[in-house]
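The structure under discussion appears below in the form of structure tokens.
The values are calculated or read from the model by the stated rules, or taken from the named source; none is laboratory data. On a predicted model such as this, the values are computed, not experimentally measured, just so you know. Note that we place each Cβ from the backbone using ideal geometry, even for glycine, and neighbour counts take in every protein chain shown.
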Amino acid sequence: MTEADGALELHPIHRALSRPNLIFGADRELVLLTGLICAILIFVVITPYAAVLGIMSWTVIVAALRRMAKSDPMMRRVYLRHIRYRPVYRATSTPFVGR
């Protein structure tokens, strides 16, 4: 294509590069971390009650994580950035408050 043609060049944007990385519809790292914690609970205690408790707690936590990811798939990253920048941005309307 040359400029004389007047046509724009098309460049494909692949969906895999722009979509969030989710497992079971929730944030990948949080689902794997909760699965690991519940599996540790099951295999350390080794009772049927621990197995039921671990499976039920993992199911409830994944359901909550899915709701979180449905509202915003990047919510975990946004919250961590918010916590990291909290000392920088004070909760005041102007820098002259309190002087």
Just need a number here: residues in the range 46-83 that are under 16 Å from the mean Cα position of the chain (by Cα) and not hydrophobic (A, V, I, L, M, F, W, C).
-> 11
Checking LEU80, LEU33 in turn, the sole residue that is modelled with pLDDT under 95 and either part of a helix (DSSP H, G or I) or among the hydroxyl-bearing types (Ser, Thr, Tyr) (or both) turns out to be LEU80
Any residue in the range 72-92 that's without any contact (Cβ under 8 Å) to a residue 60 or more places away in the chain: show its pairings with residues that are part of a loop (DSSP other than H, G, I, E, B) and polar (S, T, N, Q) at Cβ separation under 7 Å, as long as the two are six or more apart or on different chains.
-> none
Which pairs do you get when a residue that is surrounded by 13 or more Cβ atoms within 10 Å (Cβ to Cβ), found in the range 36-55, comes within reach of a residue that is among the hydroxyl-bearing types (Ser, Thr, Tyr) and assigned to a helix (DSSP H, G or I), reach meaning Cβ atoms under 8 angstrom, with the pair 6+ apart or on two chains?
-> CYS38/SER57; LEU41/SER57
